[in-house]
Amino acid sequence: ENILITLLKILKKKHSSDTLYYAGGVALNVVANEKIIRSNLFKNVILNGSVEDNGTAVGAALAASNKLLKKRKTGKLTDYYGKIYSNNEILKDINKFKFKYEFINENKKYDKIASLIFKSEVVGWFQGRSEFGPRALGNRSIFANPTSSSTKHVLDHYMKCRDRYRPYAPVVIEEESYKYFDVDSNDCSSPVMMRNVKVISNKLPAITHVDKTARLQTVKKSENKVLYTLLSKIGEKIGVPILLNTSFNRPGEPIVESPLDAISSFSKGSLDYLFIENILISRN
């Protein structure tokens with residue numbers, strides 16, 4: 001962390017920009033990221049969704065594009081670039097298994113999952129395009145109740161099979177994040193889960209690390225309307241617009257991409273329910 005700050009001071013002296021665009025595998029160190037943000041060396045610290053080493057491919061593509069086309073090509077920026085799967089594709093994969101499933105009306109979907117989370121059920125959540133980068137940002141996620149003291153134990157022992165010391169991350173509606181985490185209400189954005197901040201609420205045992213911090217993800221309605229709507233409903237049901245958000249995968253496997261990946265993972269694991277778009281899959 002000290003070395004990073006020293007290097008950035010040298011960089012700032014050489015280039016007088018107020019904005020730091022920070023990438024590469026080292027940028028996955030959320031503790032160091034927070035030190036950089038709070039150092040006030042830069043007014044803006046930008047961390048994209050693909051900060052791991054393959055993010056260098058993005059820079060290479062931009063450099064090549066600039067050299068070959070001589071002009072900038074722009075488009076809407078998002079953290080979700082995966083494929084959209086049709087209901088026919090989803091049902092085809094569901095029918096390869098023997099699980100019960102039902103279609104849930106779009107308006108009732110959020111009530112249904114909020115009720116399940118309230119009962120401390122653990123739910124696989126597969127919606128829209130998959131995330132770009134190493135973090136599950138709410139489209140290929142496992143969601144659980146952050147207010148339950150048993151949630152982490154259940155995930156560690158029966159689902160993720162992880163070391164006990166490893167924390168789980170929260171996802172929260174951005175404009176309400178300052179109520180639960182030590183962030184500036186005017187500068188609290190963390191859409192790609194790259195900040196490590198103090199938890200100031202005692203209602204969140206499942207996502208609070210031993211040092212009272214959490215790797216925070218914030219959501220705006222404009223960034224992910226489905227997830228934002230779900231968090232709003234969760235807030236009504238459990239009292240906080242927050243979910244425990246961890247990647248949808250079993251130990252040693254990558255994050256699921258396709259409906260078949262999701263159902264296969266569900267079949268081998270211990271999740272209680274699986275939502276794929278508006279289809280609810282259960283074990284019973």
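The values are calculated or read from the model by the stated rules, or taken from the named source; none is laboratory data. These figures come from a predicted structure and were not determined experimentally. Heads up, the Cβs are rebuilt from the backbone with ideal geometry, glycines too, and the neighbour counts pull from every protein chain shown. The accessibility values were calculated without ligands, DNA or RNA, using every heavy atom of the protein model including side chains. Shrake-Rupley method; radii C 1.70, N 1.55, O 1.52, S 1.80 Å.
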Residue 45 vs (1) surrounded by 13 or more Cβ atoms within 10 Å (Cβ to Cβ); (2) in contact (Cβ under 8 Å) with a residue 12 or more places away in the chain; (3) out of contact with any helix residue (DSSP H, G or I) (no Cβ under 7 Å at 6 or more places or on another chain); (4) not aromatic (Phe, Trp, Tyr): all pass except (3)
The listed residue being hydroxyl-bearing (Ser, Thr, Tyr), within 14 Å of the chain's Cα centre (by Cα) and under 15 Å from residue 141 (Cα atoms), out of 270, 247: 247
Need the failing condition index for residue 244 against (1) among the aliphatic types (A, V, I, L, M); (2) in a helix (DSSP H, G or I); (3) under 18 Å from residue 110 (Cα atoms), just the number. (2)
List pairs: first residue in the range 62-83 and closer than 23 Å to residue 222 by Cβ, second residue open to solvent by less than 100 Å² (accessible area, probe 1.4 Å) and among the β-branched types (Val, Ile, Thr) anywhere in the structure, Cβ distance under 7 angstrom, at least six positions apart or on different chains. 79/192
Of all residues in the range 90-110, how many are open to solvent by less than 70 Å² (accessible area, probe 1.4 Å) and either in a helix (DSSP H, G or I) or at positive phi (or both)? 6
Out of the residues in the range 111-125 meeting the condition of being among the charged types (D, E, K, R) and part of a loop (DSSP other than H, G, I, E, B), tell me which one is nearest to residue 168 (Cα to Cα). 121
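Pick from 237, 233, 221: which is touching a helix residue (DSSP H, G or I) at 6+ places or on another chain (Cβ under 9 Å), farther than 20 Å from residue 124 by Cα and surrounded by fewer than 23 Cβ atoms within 10 Å (Cβ to Cβ)?
Of 237, 233, 221, the one residue that is touching a helix residue (DSSP H, G or I) at 6+ places or on another chain (Cβ under 9 Å), farther than 20 Å from residue 124 by Cα and surrounded by fewer than 23 Cβ atoms within 10 Å (Cβ to Cβ) is 221.
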Contact list please: Cβ distance under 6 Å, first residue in the range 10-29 and in contact (Cβ under 8 Å) with a residue 12 or more places away in the chain, second residue polar (S, T, N, Q), pairs at least six apart or on different chains. 19/44
